[in-house]
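Have a look at the structure below before the remarks.
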Amino acid sequence: MIELYFDYKFKVCLLFYVTCSMLHDMRYNARQLRELKESTVQSEVSKIKRRPLYFILENIYDTYNVGGLFRLADALAVERMYLCGQTEIPPNAKIKKASIGTYKVVPWIYKTTVVEAIEDLKSKVKSQKSKVPEKEIKPIILKEGKRERLSLEIQLESKQETYSNIKSTRSSTILIIAVEQDKRSIDYRKADYILPLALVFGNETFGVLPETLDAVDKIVEIPMWGVNKSLNVIVSAAIVSYQALARS
């Protein structure tokens, strides 16, 4: 009887530990995410440390793509998704299925146009936040032949940027980049990414609208070397998003 009692007590304690660990770690598998109640998840969602990254979807017709982008947005812990134009919004059976329930944990809002979404973003992101501590700003004497000049260099995490670059960065509020093939676009690998950042993804067939491309700060594209003109929007979003976070 004593052995049975302690065996039972051990199992109860183990179950309690596993449950607490799961809630603390906030990692769920597909089945758990689908079954997760929205009323339950809200308190846990507020604990997620979100990145200053935004997704703006323009006229994404395929609801499975919308769901997949929700799943990607959750993986990246994006701040918010903007669903614009004719993009379907939750609740939707296909979005629920493709997102495996992540639509419940990713903040999203609907806007009629991307231009409206950009205006909303710029109004909320007041200024580019600098994470450079004062102690890392050091005057350095640089010798140029017989002349000496005083240069202010700033160590920003693992890379150095000139004071002028930092100053220009602070003057902007948020960088808006569209992922699209256009005569103005550059290779996504050669682009400079600065947070906070918003990425615009367009329709599966005709891409990002011309008026939207005129409203963004930069346009990037993914090189295509085969006969296919473009990649699936989820794949494209994943490639550019992880590149942006790695280089920002």
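Every residue, every condition in (1) modelled with pLDDT under 95; (2) of a type outside the set (A, V, I, L, M, F, W, C); (3) under 16 Å from Glu58 (Cα atoms), yes or no:
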position	(1), (2), (3)
Lys135	yes, yes, no
Leu156	yes, no, no
Ile177	no, no, yes
Ile186	no, no, no
Phe201	no, no, yes
Asp217	no, yes, no
Ser230	yes, yes, no
I'd like the full set of residues that are buried (at least 21 other Cβ atoms within 10 Å of the Cβ), in a helix (DSSP H, G or I) and among the hydrophobic types (A, V, I, L, M, F, W, C), limited to segment 73-120. Ala73, Ile95, Ala98, Val114, Ala117, Ile118
Reported set for segment 53-68 where residues are touching a strand residue (DSSP E or B) at 6+ places or on another chain (Cβ under 6 Å) and either charged (D, E, K, R) or part of a strand (DSSP E or B) (or both) is Leu53, Tyr54, Phe55, Ile56, Leu57, Glu58
Just a yes or no: is a residue in segment 72-86 over 25 Å from Leu175 (Cα atoms) and in contact (Cβ under 8 Å) with a residue 60 or more places away in the chain? no
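The values are calculated or read from the model by the stated rules, or taken from the named source; none is laboratory data. Here the structure is a predicted model, which is why all the values come from computation and not from measurement. Note that each Cβ is placed from the backbone with ideal geometry, even for glycine, and that neighbours are counted across all protein chains shown.
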